1. Using amide H atoms built 1.01 Å from N in the peptide plane, name the residues 5+ places from residue A:13, or on other chains, whose amide H lies under 5 Å from its own.
2. For the Cα atoms of chain A, what angle does the longest principal axis make with the long axis of helix A:45-59, in degrees from 0 to 90, nearest 10?
3. Return one quarter of the surface area of the convex hull spanned by the alpha-carbon atoms of chain A, equal to its mean projected area, in nm².
4. Once both axes come from the Cα atoms, what is the angle between helix A:15-39 and the longest principal axis of chain A, in degrees from 0 to 90, rounded to 10?
5. Rounded to the nearest 20 Debye, what is the dipole magnitude of region A:68-225 about its Cα centre when Lys and Arg each give +1 and Asp and Glu each give -1 at the C-beta?
6. Could you work out the relative contact order of chain B? I mean the mean sequence separation of Cα pairs under 8 Å and 6+ apart, divided by the number of residues, in percent.
7. What value, in deg cm²/dmol to 500, does the helix sum -39500 (n - 2.57) over DSSP H runs of n ≥ 4 give at 222 nm once divided by the residues of chain B?
8. Tell me the Kirkwood hydrodynamic radius of region A:1-49 in angstroms, computed as one over the mean inverse distance between distinct C-alpha pairs.
Amino acid sequence: MLIPRLHIPDGFIDIPTSAIFGVLALVFVAIALKGAARTLDDRTTPLAGLTAVFIFAAQMINFPVAAGTSGHLVGAALATALVGPYSATLALTVVLGIQALLFADGGLTALGLNVFNLSVLAVWVSHFVILTLKRILPKNKYGFTLATAIAAFISVPFAAAGFALQYALGGTGTIPADTVATAMLSTHVFIGIGEAIITFMTVSAVIASRSDLVYGYKEKLEVRA
Amino acid sequence: MSKTSKRFYLYFFLVSIGVAGALSFYASSSPDGLEKVAEEKGFLDTAKDSAVSGSPLADYVVAGVENERLSVGLSGLLGVLITAVVAFGIFYLSRKLGKGVKN
């Protein structure tokens, strides 16, 4: 297998827990479906669609993080910065849905678990971190891009913590939940560095050419005006 | 849409095609963070095959295409195109629903 599996497969987490997170994921996606409409216009809707496309592509690039371990982009902070949290949730959910249904990556019963960790938790953590850092960092393109990269770094261990929580609630394995949580967090801190680098490069490229289309940056300009 | 926006979006799309269609072949094949943890801590065997594991695009290869580079690249290209269609559909649906709520 050339491209490793990227998401939670069926079986790791029991069906009741998966169902609870499935319902939670549905609620957040429904909220996002309504919320995204308020942030999208004719100019930015293509960016939202292309953000999903780019994330699908970028997730195929697993990068080595340690001996025999790889990581890959989640794209939550990237999407949140470019198109806002509601559209980011939708973009990530589209990617996860296609991967689960067509590429057999991420289980079908585990789809709610994956959507919750990546499209909801990682996105809203990113949004909160970006909002907070925008107040502290220089109010220019560099400050904004740096805020996005730091959000990217933080969002990955949060997504890993999401899995650790799901495992604690309904893991089918016999390994203690705290052992799994420690291992997930320590591994994903390193993956977060890769996430930050890819996010920094991508947001830099977009903001250098079309900062007017960037949700998080545009918003700041409106506040200043 | 202005000409510069069109050009920008075209570049964005072409980069995605290049990444999924060509660069993906050079990706690391090592297990990712989650799978590695599952393997090391000993719960990887609780994973079950997906109900769609027989999909013609399963595991990011195209069934029947023997050449690995071609198979991975083609699966990436198809994934990009399908994602584009579904994502644009969802975002236009969202805007349509949003308008319905306001009026």
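None of the figures in this text is laboratory data; all of them are computed from the coordinates on show. Remember, it's a predicted structure, so these values are computed and weren't measured experimentally. Cβ coordinates were reconstructed from backbone atoms using ideal geometry, including for glycine residues, and neighbour counts include every protein chain displayed.
1. A:172
2. The angle comes out at about 40 degrees.
3. So the mean shadow area of the Cα hull is 12.3 nm².
4. Its long axis makes an angle of about 10 degrees.
5. Around 620 debye, computed over region A:68-225.
6. Reported as a whole number, the value is 30 percent.
7. The per-residue figure over chain B is -21000 deg cm²/dmol.
8. 13.9 Å
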